[in-house]
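Before any comments, here is the structure.
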Amino acid sequence: MHDTLIIREIDFFKKGMSAMDTIEAIKTRRSVRKVSDREPSKELIEQILDAARRAPNHMNTEPWHFIVLTGEGRNKLGEVYGKVNQKNLENADQAALEAAYEKGLSSAKRAPVIIVVTMEPSDNPRAFEIEDIEATAIATQNLMLAAHALGLGSILRTGGAAYTKEAKEQFGVSEKGHIIGFVYLGYPAEGVVPKVPERQSVAEITEWVDA
């Protein structure tokens, strides 16, 4: 049964996807900072997560975990932002503390869906933690490329809050685990055209060794 499924998937990709499709998706994906309030369906999100879980990972550790926040569930992230905002204030009065917390809550409402990407290192003695981090980062790229291919916009947000004790506790990440980032996801707002960032040329970043 498993082999049959693999053959079907290979046939699907041969028929439904060309190299140009893949390269175009990579070249045209952009970080989309402004999205509409329209919430993507659960089925669409599951397609995106299915693409994420197919990332290469050494020793087949599958170190990733995805927490999908929608509706009031986004407050779980907003609470983290709020607490971190408050902690960064010095000699603040009650009004300032409340404003900082509210700002944190609103920061988590900038997209209808937020996917928290976490990683727990494998207990396989032959596995390396850095490779589990790399694998989860690749899974995140898969996720964002799939979102783009399905007509959604996304942006990976990290920053100081992602690496705090508050964030780990909120999302059940162990002391050895990591939060890779928060993927904000939604349909691009009307008229939004993300800027194309400057990149170094292939020649500038490549060294050829042929002898």
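Just how much of Arg110 is accessible, in Å², when a 1.4 Å probe is used and the result is rounded to the nearest 10?
120
How far is helix 75-87 tilted, in degrees, relative to the longest principal axis of the Cα atoms in the chain, given as a value from 0 to 90 rounded to the nearest 10?
60
Just the accessible area for His58, please: 1.4 Å probe, Å², rounded to the nearest 10?
Rounded to the nearest 10, that gives 90 Å².
What fraction of the Cα pairs in region 49-139, stated in percent, has a spacing above 22 angstrom?
Taking all Cα-Cα pairs of region 49-139, the fraction more than 22 Å apart is 48 percent.
Along Cα→Cβ, 7 Å out, is where each label goes; now give me the distance between the ones at Glu169 and Val209 in nm to one decimal.
Going by the 7 Å Cα→Cβ label model, 4.8 nm.
Describe numerically, in nm with one decimal, the distance between label points set 7 Å from Cα along Cα→Cβ at Val196 and at Arg53.
So the two model labels end up 3.6 nm from each other.
Consider the candidate values [x] 63, 49, 46; [y] 42, 39, 39; [z] 47, 40, 37; state which one is Cα extents along the principal axes in Å computed from the structure displayed.
Correct label is [x].
How large is the dipole of the chain about the Cα centre if only Lys and Arg carry +1 and Asp and Glu carry -1, each at its Cβ, rounded to the nearest 20 debye?
Taking the Cα centre of the chain as origin, the dipole is about 600 debye.
So how strong a dipole does region 102-147 carry about its Cα centre when Lys and Arg Cβ are +1 and Asp and Glu Cβ are -1, to the nearest 20 debye?
420
Using only the heavy atoms of the protein chains and a 1.4 Å probe, how would Ile26, Ile114, Ile138, Ile180 rank by accessible area, largest first?
Ile26, Ile138, Ile180, Ile114
Please report, in debye to the nearest 20, how large the charge dipole of region 118-211 is about its Cα centre when each Lys and Arg carries +1 at its beta carbon and each Asp and Glu carries -1 there.
The calculation lands at about 360 debye.
Counting only pairs 8 or more residues apart or on different chains, how many lysine pairs in region 52-211 have their Cα atoms under 30 Å apart?
Taking region 52-211 as the scope, the lysine pair count is 26.
Can you put Thr28, Thr118 in order of accessible area, largest first, using a 1.4 Å probe?
Most to least solvent-accessible, the answer reads Thr28, Thr118.
Putting +1 on Lys and Arg Cβ atoms and -1 on Asp and Glu Cβ atoms, find which of Ser106, Ala203, Asn124 reaches farthest to the positive end of the dipole of the chain.
Highest projection toward the positive end goes to Ser106.
In Å², what does the accessible area per residue of the chain work out to with a 1.4 Å probe?
Heavy-atom SASA per residue in the chain reads 65 Å².
Just subtract the alpha-carbon distance of Glu46 and Asn75 from 0.36 nm times their residue separation and send over the number in nm, one decimal.
Taking Glu46 through Asn75 to full extension adds about 8.3 nm, to one decimal.
Quick one: pull the percent of accessible area on the chain belonging to carbon and sulfur, 1.4 Å probe, ligands and nucleic acids left out.
Summing carbon and sulfur atoms, their accessible area is 53 percent of the total for the chain.
With angles folded into 0 to 90 degrees, how steeply does helix 42-52 sit against the dominant principal axis of the chain? Use alpha carbons for both and round to 10.
60
Taking just the C-alpha trace of region 136-208, give me its Rg and Dmax in Å.
Cα-based Rg and Dmax for region 136-208 come out at 16.2, 46 Å.
Could you work out how far apart the two model spin labels at Arg33 and Ala95 are, taking each label as a point 7 Å from the Cα in the direction of the beta carbon, and quote it in nm?
It is 3.0 nm.
Using only Cα atoms, find the angle between the long axis of helix 129-149 and the longest principal axis of the chain, and express it within 0 to 90 degrees, rounded to the nearest 10.
The angle comes out near 80 degrees.
For Glu98, tell me the accessible area in Å² from a 1.4 Å probe, rounded to the nearest 10.
Near enough 100 Å² of accessible area.
The values are calculated or read from the model by the stated rules, or taken from the named source; none is laboratory data. Being a predicted model, the structure only gives us computed values, none of them experimental. Ideal geometry is used to build each Cβ from the backbone, glycine not excepted, and the neighbour counts take in all protein chains shown. Just the protein is used for accessible areas: all its heavy atoms, side chains included, with ligands, DNA and RNA removed. Shrake-Rupley method; radii C 1.70, N 1.55, O 1.52, S 1.80 Å.
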